[in-house]
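The values are calculated or read from the model by the stated rules, or taken from the named source; none is laboratory data. Quantities reported herein were computed from a predicted structural model and do not represent experimental measurements. Here the Cβ positions follow ideal geometry from the backbone for every residue, glycine too, while neighbour counts run over all protein chains shown.
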Amino acid sequence: MIQLQHVCKTYGEGERAHHALRNVNLTINDGDVFGIIGASGAGKSTLVRCLNLLERPTEGSIIYDGRDITNLSGKALLELRAQVGMIFQNFSLFQQRTVLRNVTFPLELRGEKKEAREARAHELLELVGLADLAQRYPSQLSGGQQQRVAIARALANNPKVMLCDEATSALDPRTTASILQLLQNINRNLGVTLVVITHSLPVASKICNRVAVIDQGRIVEEGVTAKVFSDPQSPVTRELLSNDSLLVETEQNVEAGEAK
Ligand SMILES: Nc1ncnc2c1ncn2[C@@H]1O[C@H](COP(=O)(O)OP(=O)(O)OP(=O)(O)O)[C@@H](O)[C@H]1O
Ligand SMILES: [Mg+2]
């Protein structure tokens, strides 16, 4: 279980201070696919970056399974990061490394032997459906394939949690559907808790069992996805839903992509 307690994050100081997170309280349970939705600039990325301490909260605590990790440093911080995988919109692969060596990278950092780490990487590439592409370079892959490599790399250390920051935003609807399916399998079969940032309500409604809506750094609504979307309590959620005129259309595209 991950708990955020009174988390605030302020960038800059004095007149230039920007309050990106304001008193955020959230509980993410083991096995959740937890969605964080909100407009651009609402604080979504800042929130997930606090979960692996890529950003330090200015105030408040981040608690994993009852252990306060907010002030970890050194080796303990590296160990925490190994427990928390992350994937991004732009895939963030190492362009000079083959697919295989992208996936072995986290294991190299841990000092694993070449044979062991390559065996593990092959296993992971199999899992994400890229067993044949181990020797290619990222530039020789489609966007969806690159995201699969990033997912394999994020899984290398057997994380309990994976943070997905707009992981499908750069992909077409059909590829989006296949990546969402892969993430869902990882959640169900490997028991990895997913925290999914998205500005796409169809993506959230497709895979998230719970969602939190964030607006100007505040959580304005949180709950079971179907309930939040069918009976939104906050004006911000209502506006997001009404602005999303593409909702129905995109959902249909996603369904169509999946059927192929
Ligand atoms: N390093 C930084 N220094 C100063 N301000 C920052 C920094 N990172 C983010 N911010 C500001 O904090 C606010 C929240 O940013 P964040 O990236 O968390 O938003 P977001 O919800 O992820 O937006 P998007 O959907 O566009 O990715 C924004 O106003 C942003 O300009
Ligand atoms: Mg962002």
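Restricting the stretch 38-79 to residues that are away from ligand 2 (no atom under 16 Å from the Cβ) and under 19 Å from His18 (Cα atoms), which is surrounded by the most Cβ atoms within 10 Å (Cβ to Cβ)?
The selected residue is Pro57.
Filter the stretch 208-225 for residues that are crowded, with 21+ Cβ neighbours inside 10 Å, under 15 Å from the mean Cα position of the chain (by Cα) and outside any strand (DSSP E or B) and give the result.
Within the stretch 208-225, just Cys208 meets the criteria.
Return a yes/no flag: does the stretch 160-179 have any residue that is within 16 Å of ligand 1 (Cβ to nearest atom) and of a type in the set (D, E, K, R).
There is at least one residue in the stretch 160-179 that is within 16 Å of ligand 1 (Cβ to nearest atom) and of a type in the set (D, E, K, R).
Restricting attention to the stretch 201-233, which residues are touching a residue at least 60 places away in the same chain (Cβ under 8 Å) and of a type in the set (Ser, Thr, Tyr)?
Hit for the stretch 201-233 is Thr225, nothing else.
From the list Val24, Val7, exactly one residue is buried (at least 21 other Cβ atoms within 10 Å of the Cβ), of a type outside the set (S, T, N, Q), more than 16 Å from ligand 2 (Cβ to nearest atom) and not in a loop (DSSP other than H, G, I, E, B). Which is it?
Val7
Residues being within 16 Å of ligand 1 (Cβ to nearest atom) and surrounded by 22 or more Cβ atoms within 10 Å (Cβ to Cβ): count how many of those fall in the stretch 186-199.
4
When you scan the stretch 55-70, how many residues do you find that are out of contact with any Cys (no Cβ under 6 Å at 6 or more places or on another chain), of a type outside the set (Ser, Thr, Tyr) and part of a loop (DSSP other than H, G, I, E, B)?
Of the residues in the stretch 55-70, 5 are out of contact with any Cys (no Cβ under 6 Å at 6 or more places or on another chain), of a type outside the set (Ser, Thr, Tyr) and part of a loop (DSSP other than H, G, I, E, B).
If I filter the stretch 135-156 for residues that are closer than 24 Å to Leu80 by Cα, more than 16 Å from ligand 1 (Cβ to nearest atom) and more than 15 Å from the chain's Cα centre (by Cα), do I get at least one hit?
Yes, because at least one residue in the stretch 135-156 is closer than 24 Å to Leu80 by Cα, more than 16 Å from ligand 1 (Cβ to nearest atom) and more than 15 Å from the chain's Cα centre (by Cα).
Tell me, which residue of the stretch 10-21 that is modelled with pLDDT under 95 and either more than 10 Å from ligand 1 (Cβ to nearest atom) or among the aliphatic types (A, V, I, L, M) (or both) is surrounded by the most Cβ atoms within 10 Å (Cβ to Cβ)?
Across the stretch 10-21, the extreme among qualifying residues is Ala17.
Looking at the stretch 43-62, I want the residues that are of a type in the set (Asp, Glu) and have a partner that is away from ligand 2 (no atom under 12 Å from the Cβ) with Cβ atoms under 6 Å, at least 6 apart or on another chain. Which pairs are those?
Glu59/Cys8
Report yes if Ala39 is at pLDDT 95 or above and either within 15 Å of ligand 1 (Cβ to nearest atom) or not hydroxyl-bearing (Ser, Thr, Tyr) (or both), otherwise no.
The answer is no for Ala39.
Name the single residue that is nearest to ligand 2 (Cβ to nearest atom) among those in the stretch 27-37 being assigned to a strand (DSSP E or B) and farther than 18 Å from Gln5 by Cβ.
Ile37
All but one of (1) more than 13 Å from ligand 2 (Cβ to nearest atom); (2) touching a residue at least 40 places away in the same chain (Cβ under 8 Å) hold for Thr198, so report the exception by its number.
Looking at each condition in turn, Thr198 falls short on (1).
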